[in-house]
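Data first, discussion second: the structure below is written as structure tokens.
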């Protein structure tokens, strides 16, 4: 094909495509998430990327509609999923008769939003969700377990300086009702939700100017959500404020129960706190809500968010299915961690050992590679006919930690010459000693944190 | 929402959506594939599901066009990927300057084909691909390593009765040229490719009736591809047939080298054989080709197919990038194995242990669960306020192998009462003894084959 006919290879803007090394780092983080979810007894779930538009848009508003990938194929009106929650609702409604409740599932999958492309914003991105769905009822203990899982997860990734911020929608709705804003709750919630981004003053402005709320009432709203103190102090203050609004009191009770539960689940006290400004504006939450802030990187926004919803699948079934869950925007999180250069890079090679045969006959290299693989050591044989320098350069460029040389001497003696590519040190070992050394070194590397927060 | 407004929850036909138990089995098979690819030193790769249509269709013919999901979004003409090879070609062409060759990558991802929906045919399905891409050249040793990986993989899954069938396109093209069919090679290849399905007679009919090939020549074609014997016998027969066609001779040389290499890589002689009828009709292969047949289930067709191509990315770059690889239609394979009921079901629960607290205070249950999880044991705490029968019924329905009861007596004594849900046996153990017992039992289960071929 002549040059002029070539199609320029390019990837759609807003669609992440990583370098091989970065992909390894991504897969390690994904594996840590899966492993954590599995340890907590969650089922895996995998639903289609494409669904009937009618299903995905049963509940969606105008904004969602504009951001979706929707098209016609034959007689079918199809949409690419824009989250993992609506497909879960469909799945649970469809299979409610066969499922055992509480149904705990994790799902890590790509979702699609046709947002304006800009740096760090993705149109195709992974979400990593867990949810616990009850049949008719679901204990508040589950609301406390979710932050415990977030805590385990983030610590497993190597993070320690984070705080899970907890609130309860009933507290907010109840308080706004007590202020006489009962018919504006949605508007107030959505506005308050922006307080981290735009500040209290702008929130008050929007409440008065856009929604015609009196200035003193708007001030009470922003004062309320800015309440500071220990969890116990905030709960005590809320108790004082209760003026007979049943929803408010219910919310305060739930918030107190959930905070006690989180402590009981072993989450350190400095890893979570009540924050009355957490509203999760556009979401369908009805009780507990969470956001998680990395203290060194508050500008990222929340890395794990979620909460409690009264009814997962009301658009598909009359069966009441309350649930609680949380979601991680994995692609965006990875992008930011990578930009910040805080990803642990200790195992970013595709192999632990590169075997470089120095003889025509590959048989000894193949035999040794099989033994290494049987011991769980990732092993590649370099088979191209290149100069020695090119072979060792290959190990170097791929950051493979060990290169083995198999010459006639080594083969005759039943030994291998191994070069530590990091130190440059070379030694001759028996196969058993080699396996022991590499396994020990890789175990140390595997135990390194996936994310290394800089001091 | 009133009943009449409900949207019926349904999934698109041809889109697999598994039960939670089946999903666990699927994930175990996927994990075995990933683990095998990693042990052989392959990089992971993840490319977008959506690409510019111009990219994906650079090379596609009419048939591919009809089967694709293609749509307009704003100014963009988009297509959902229909395989993982074209995206790989784009990726390698785009990043050739930064990649180190040979570039070995695996990718497991969903692809989309708008085929007519029928039982066992999927419109969204996982492909599981590995490829080794060279820069300018790539040694034939790689053609021999791919079957070794297939062999490792299938044995890892628990399969033993399979044969990897090997051929070389140059042998076929060379032979057809010697028969005077040099200008009909594509047609002959595509027709021969159907011989497993329609038989030799129908192939001859199509060659004579559709392509106007003389009956005696058509017979030579079907006689040739039906040649039987050991690999050595077939190679010897091919040597005799060589009549100075350079391509044919080159193909025979390659076939012989690759077969020797496969043996050197440790593949048992009964797991591979030359089969001159393997043509991979519609594919872009130029040398070695493979198909893999499960001997007990030949009706499935090939479960791993692949081969050598001269130039991966000629539509996108002038750089010559030869490669060799193989692909597994994972969704279809899983579907068939599941239908045949040969999937090992030893670890199909979401947890190894269900902790059932018998006291109000969850603290002891939480403490014990944390210890179990730290030991790698998947543990769920049952937290709903239900009758005991419902709690134990939950463990039973989910096939959780062990249920722990934590009553006041056990808590006081620092022990746990554990019920083996399979045998019904109950005993009281220390936490250490429990961890030891469960870990040992789960290790045995984890070592069970993923696929159990029935005798």
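Out of everything in the stretch A:44-59 that is in a loop (DSSP other than H, G, I, E, B) and within 7 Å of chain B (Cβ to nearest Cβ), what residue ends up being modelled with the lowest pLDDT? Before the answer, list the steps.
So the first thing to find is which residues in the stretch A:44-59 are in a loop (DSSP other than H, G, I, E, B), and the list is A:45-49, A:57-59.
Among the residues that remain, those that are also within 7 Å of chain B (Cβ to nearest Cβ) are: A:45-49, A:58.
Details: A:45: 98, A:46: 98, A:47: 98, A:48: 98, A:49: 98, A:58: 85.
My answer is A:58.
Restricting attention to the stretch B:261-269, does a residue exist that is surrounded by fewer than 17 Cβ atoms within 10 Å (Cβ to Cβ), within 14 Å of chain A (Cβ to nearest Cβ) and assigned to a loop (DSSP other than H, G, I, E, B)?
yes
For the stretch A:276-286, does any single residue satisfy the condition of being under 24 Å from residue A:134 (Cβ atoms) and not in a loop (DSSP other than H, G, I, E, B)?
No, the stretch A:276-286 has no match at all.
Condition test on residue B:338, is it within 25 Å of residue B:15 (Cβ to Cβ) and either under 19 Å from the mean Cα position of the chain (by Cα) or surrounded by fewer than 18 Cβ atoms within 10 Å (Cβ to Cβ) (or both)?
It is true that residue B:338 is within 25 Å of residue B:15 (Cβ to Cβ) and either under 19 Å from the mean Cα position of the chain (by Cα) or surrounded by fewer than 18 Cβ atoms within 10 Å (Cβ to Cβ) (or both).
Looking only at the stretch A:171-192, decide whether some residue is in a helix (DSSP H, G or I), at pLDDT below 95 and within 21 Å of the chain's Cα centre (by Cα).
So far as the stretch A:171-192 goes, no, none of its residues is in a helix (DSSP H, G or I), at pLDDT below 95 and within 21 Å of the chain's Cα centre (by Cα).
Only one of (1) free of Cβ contacts under 8 Å to residues at least 12 places away in the same chain; (2) in contact with a strand residue (DSSP E or B) (Cβ under 6 Å, 6 or more places away or on another chain) fails for residue A:97. Which number is that?
Checking residue A:97 against (1) free of Cβ contacts under 8 Å to residues at least 12 places away in the same chain; (2) in contact with a strand residue (DSSP E or B) (Cβ under 6 Å, 6 or more places away or on another chain), the one that fails is (2).
Within the stretch A:341-354, can you find the residues that are more than 11 Å from every other protein chain (Cβ to nearest Cβ), in contact with a strand residue (DSSP E or B) (Cβ under 7 Å, 6 or more places away or on another chain) and part of a loop (DSSP other than H, G, I, E, B)?
Those that are more than 11 Å from every other protein chain (Cβ to nearest Cβ), in contact with a strand residue (DSSP E or B) (Cβ under 7 Å, 6 or more places away or on another chain) and part of a loop (DSSP other than H, G, I, E, B): A:342, A:344.
Taking the stretch A:291-320 as the search range and keeping residues that are within 14 Å of chain B (Cβ to nearest Cβ) and farther than 21 Å from residue A:139 by Cβ, which one is surrounded by the fewest Cβ atoms within 10 Å (Cβ to Cβ)?
My answer is A:318.
Could you please give the count of residues in the stretch A:227-247 that are under 34 Å from the mean Cα position of the chain (by Cα), closer than 14 Å to residue A:171 by Cβ and outside any helix (DSSP H, G or I)?
So the answer is 1.
Kindly provide the set of residues from the stretch A:123-144 that are at the interface with another protein chain (Cβ under 8 Å from one of its Cβ atoms), touching a residue at least 12 places away in the same chain (Cβ under 8 Å) and under 15 Å from residue B:385 (Cβ atoms), ordered by number.
A:134, A:137, A:138, A:141, A:142
Output the residues belonging to the stretch B:1-43 that are in a helix (DSSP H, G or I), within 7 Å of chain A (Cβ to nearest Cβ), closer than 30 Å to residue B:133 by Cβ and in contact with a strand residue (DSSP E or B) (Cβ under 6 Å, 6 or more places away or on another chain).
If the condition is that a residue be in a helix (DSSP H, G or I), within 7 Å of chain A (Cβ to nearest Cβ), closer than 30 Å to residue B:133 by Cβ and in contact with a strand residue (DSSP E or B) (Cβ under 6 Å, 6 or more places away or on another chain), then B:27 is the only one that fits.
For the condition within 24 Å of the chain's Cα centre (by Cα) and closer than 30 Å to residue B:342 by Cβ, what is the one hit in B:29, B:68?
After ruling out the rest, the residue left standing is B:29.
Does any residue of the stretch B:321-330 turn out to be without any contact (Cβ under 8 Å) to a residue 60 or more places away in the chain and more than 10 Å from chain A (Cβ to nearest Cβ)?
No: zero hits.
I need a count of the residues in the stretch B:85-122 that are surrounded by fewer than 17 Cβ atoms within 10 Å (Cβ to Cβ) and either more than 9 Å from chain A (Cβ to nearest Cβ) or within 22 Å of residue B:283 (Cβ to Cβ) (or both).
8
Please return the ranges of strands (runs of 3 or more DSSP E) entirely within the stretch A:355-425 where 1 or more residues are in contact (Cβ under 8 Å) with a residue 12 or more places away in the chain and away from chain B (no Cβ under 12 Å). Reasoning before the result, please.
Numbers: elements: A:379-381, A:402-406, A:415-420.
The qualifying strands (runs of 3 or more DSSP E) are A:402-406, A:415-420.
The values are calculated or read from the model by the stated rules, or taken from the named source; none is laboratory data. These figures come from a predicted structure and were not determined experimentally. Quick reminder, even Gly has a Cβ in these numbers, built from the backbone with ideal geometry, and neighbours come from all protein chains shown.
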